[in-house]
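Here the structure comes first, spelled out in structure tokens, and everything after it is commentary.
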Amino acid sequence: MITGRPETRDGQDHLVLTRTFQAPVEDVWAAITEPERLGRWFGVWSGDPATGQVQVRWDYEDDVAEETYVIEVCEAPHRLRLHNLSEKPADVWTLDLRLSEVEGRTVLDFAQVMSDGLPVTEVGPGWEYYLDRLADSVRTGEVSQVGWDGYLDLAPEYAEAFGKAGGQSS
């Protein structure tokens, strides 16, 4: 069962996923922003964020090398908005992460702008996988052991949720 949903924000279509953690907001923020902690579930970044850009290496993808990401908003420990640099608008991924804490539990609202051409049938299952890896890493304090198998099986549900008749991907 998918956890992502379509949502319109500021006139743009988004894929939105929510995760709840039995951890303080500072811990989840660290898992998202500190290179070593990010490497436990996603990849690592390098560079100086004070410049407004970092290099991000996706460690659990076969076909994505290092990319430059522009930090649009960084309000620790509650909001991070960034996008990758690309010559092709369809290849730009804008991510908006918002964290809130209530009684020691942290809620992550993870949103990606779904620009034309992005296949929700791949993007949705991909973020389900990565956010499950994040939850596993925060829970265990270790490198996530969540594997990819089965996540693409969510594609038809994403197609339906986003109104993509016949499994159309974008």
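The values are calculated or read from the model by the stated rules, or taken from the named source; none is laboratory data. Remember, it's a predicted structure, so these values are computed and weren't measured experimentally. Don't worry about glycine lacking a Cβ; one is built from the backbone with ideal geometry, like all the others, and counts go over all protein chains shown. Calculation scope for accessible area: heavy atoms of the full protein, side chains included, ligands and nucleic acids excluded. Shrake-Rupley method; radii C 1.70, N 1.55, O 1.52, S 1.80 Å.
Tabulated results
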| quantity | calculated |
| --- | --- |
| One residue from Glu87, Glu122 being in a loop (DSSP other than H, G, I, E, B) and among the charged types (D, E, K, R) | Glu87 |
| Long-range neighbours under 9 Å by Cβ, at least six apart or interchain, first residue over 15 Å from Thr94 (Cβ atoms) and open to solvent by 10 Å² or more (accessible area, probe 1.4 Å) within region 9-22, second part of a strand (DSSP E or B) and polar (S, T, N, Q) | Arg19/Thr106; Thr20/Thr106; Gln22/Thr106 |
| Subset of region 96-122 [of a type in the set (Val, Ile, Thr) and within 14 Å of Leu15 (Cβ to Cβ)] | Val113, Val120, Thr121 |
| Members of region 125-149 found to be touching a Lys or Arg at 6+ places or on another chain (Cβ under 8 Å), part of a helix (DSSP H, G or I) and either of a type in the set (A, V, I, L, M) or surrounded by fewer than 16 Cβ atoms within 10 Å (Cβ to Cβ) (or both), listed by number | Leu131, Leu134, Ala135 |
| Complete set of residues in region 83-119 that are more than 21 Å from Glu66 (Cα to Cα), over 17 Å from the mean Cα position of the chain (by Cα) and surrounded by fewer than 18 Cβ atoms within 10 Å (Cβ to Cβ) | Val102, Glu103, Gly104, Arg105, Asp116, Gly117 |
| Residue ranges of strands (runs of 3 or more DSSP E) in region 27-77 with at least 3 members in contact (Cβ under 8 Å) with a residue 24 or more places away in the chain | none |
| Failed item in (1) assigned to a helix (DSSP H, G or I); (2) touching a Phe, Trp or Tyr at 6+ places or on another chain (Cβ under 8 Å); (3) open to solvent by less than 30 Å² (accessible area, probe 1.4 Å), with Leu154 passing the rest | (2) |
